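A.B. asks: Would you mind keeping the following structure in view while I ask a few things?
The values are calculated or read from the model by the stated rules, or taken from the named source; none is laboratory data. None of these values were measured; they are calculated from a predicted model. Counting neighbours? That spans all protein chains shown, and the Cβs are built from the backbone with ideal geometry, glycine included.
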């Protein structure tokens, strides 16, 4: 008898008042036949994100949408840990709230995991079937350069290191998250590299990444320095 | 084994090979001394090639952007009817 799988979808938010409503609608649209819950971890958004989440709870049910807010911005890694504490599923999906991760790919993550029994299924933008939109040449160049550097130094076993659209077996996520200390997107890299080192079965599915439509992107200017520091750290400690 | 140890082992192995070549003089030492330069240059060129090829073949998905716009319209309609606040400001 196949075990019933439940998927906990953790979405960290900060000032995503419109996007979170759109994402929730799309998740329900594409996962209509799946047992899941959405856990919104909001870091005290001043734009009223939490009010919108409460309205969504009225539409979809408080058992399907959990609001587990925090008083202020406390970082991505701790947002996942916080969401994980309230997750009742045996699988956890992490994704962004800004529609760059489209819920239409959720079924392909689930299918891949069921087919292969993988512990982690990670979305990749860099293979055929996936892709990006809204990136200028400079951004593509830095992305590709960063990727080649990381592949050469780390031999990670996945094609998209900084991606954050992933499905984890809950026990695996708990294991890895406890050993990761980085911040921001280096944290995403650290998670997947540590998982690879620990020998977890990782599969990839192509995803498309359409640059955010609403709101301001949280990418800043000192990215390259942070990235190189992160790479050096991962090179030495994993 | 930590990854850095693997890389160090590889580098030590390559260095030992190079040193051995230098000592035994099977190849003229003027060539041998330049081998590390050649190696690093090749590595650099390979890296640049990979970046260039990847850049050319970078998959893009403009059709996804259109589908996303349609999804957004559908979502806004549905949610507005059910009392969810979906204005962007």
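A.B. asks: Yes or no: residue A:159 surrounded by fewer than 21 Cβ atoms within 10 Å (Cβ to Cβ) and away from every other protein chain (no Cβ under 14 Å)?
C.D. replies: Judged against the criteria, residue A:159 is not a match.
A.B. asks: Got a number for residues in segment A:180-196 being within 13 Å of another protein chain (Cβ to nearest Cβ) and surrounded by fewer than 17 Cβ atoms within 10 Å (Cβ to Cβ)?
C.D. replies: Of the residues in segment A:180-196, 0 are within 13 Å of another protein chain (Cβ to nearest Cβ) and surrounded by fewer than 17 Cβ atoms within 10 Å (Cβ to Cβ).
A.B. asks: Here is a further query. Find all pairs meeting these conditions: Cβ atoms under 8 angstrom apart; at least six residues apart or on different chains; first residue within segment B:77-89 and more than 14 Å from residue A:24 (Cα to Cα) and more than 7 Å from chain A (Cβ to nearest Cβ); second residue surrounded by 14 or more Cβ atoms within 10 Å (Cβ to Cβ) and at pLDDT 90 or above.
C.D. replies: Hits for this filter: B:87/A:18.
A.B. asks: Looking at segment A:151-170, which of the residues that are in contact (Cβ under 8 Å) with a residue 60 or more places away in the chain and out of contact with any strand residue (DSSP E or B) (no Cβ under 9 Å at 6 or more places or on another chain) is farthest from residue A:36 (Cα to Cα)?
C.D. replies: A:153
A.B. asks: When you scan segment B:33-76, how many residues do you find that are over 30 Å from residue B:14 (Cα atoms) and more than 7 Å from chain A (Cβ to nearest Cβ)?
C.D. replies: 10
Residue by residue, here is whether (1) more than 16 Å from residue A:8 (Cβ to Cβ); (2) surrounded by 17 or more Cβ atoms within 10 Å (Cβ to Cβ); (3) in contact with a helix residue (DSSP H, G or I) (Cβ under 9 Å, 6 or more places away or on another chain) holds:
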position: A:87; (1), (2), (3): no, yes, yes
position: A:90; (1), (2), (3): no, no, yes
position: A:94; (1), (2), (3): no, yes, yes
position: A:106; (1), (2), (3): no, yes, yes
position: A:113; (1), (2), (3): no, yes, no
position: A:117; (1), (2), (3): yes, no, no
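A.B. asks: Now, a different point. Touching a residue at least 40 places away in the same chain (Cβ under 8 Å), in contact with a strand residue (DSSP E or B) (Cβ under 7 Å, 6 or more places away or on another chain), buried (at least 22 other Cβ atoms within 10 Å of the Cβ) and within 27 Å of residue B:67 (Cα to Cα) - does that describe any residue in segment A:133-140?
C.D. replies: Looking through segment A:133-140, none of the residues is touching a residue at least 40 places away in the same chain (Cβ under 8 Å), in contact with a strand residue (DSSP E or B) (Cβ under 7 Å, 6 or more places away or on another chain), buried (at least 22 other Cβ atoms within 10 Å of the Cβ) and within 27 Å of residue B:67 (Cα to Cα).
A.B. asks: Do you know which of the residues in segment A:21-56 that are within 10 Å of another protein chain (Cβ to nearest Cβ) and crowded, with 24+ Cβ neighbours inside 10 Å is nearest to the chain's Cα centre (by Cα)?
C.D. replies: Among them, the one singled out is A:23.
A.B. asks: From the list A:110, A:65, A:94, which one is in contact (Cβ under 8 Å) with a residue 40 or more places away in the chain and within 13 Å of chain B (Cβ to nearest Cβ)?
C.D. replies: Residue meeting the stated conditions: A:65.
A.B. asks: Still on this structure: Of everything in segment A:119-137 that's touching a helix residue (DSSP H, G or I) at 6+ places or on another chain (Cβ under 9 Å) and closer than 19 Å to residue A:200 by Cβ, which residue is nearest to the other protein chains (Cβ to nearest Cβ)?
C.D. replies: Among them, the one singled out is A:123.
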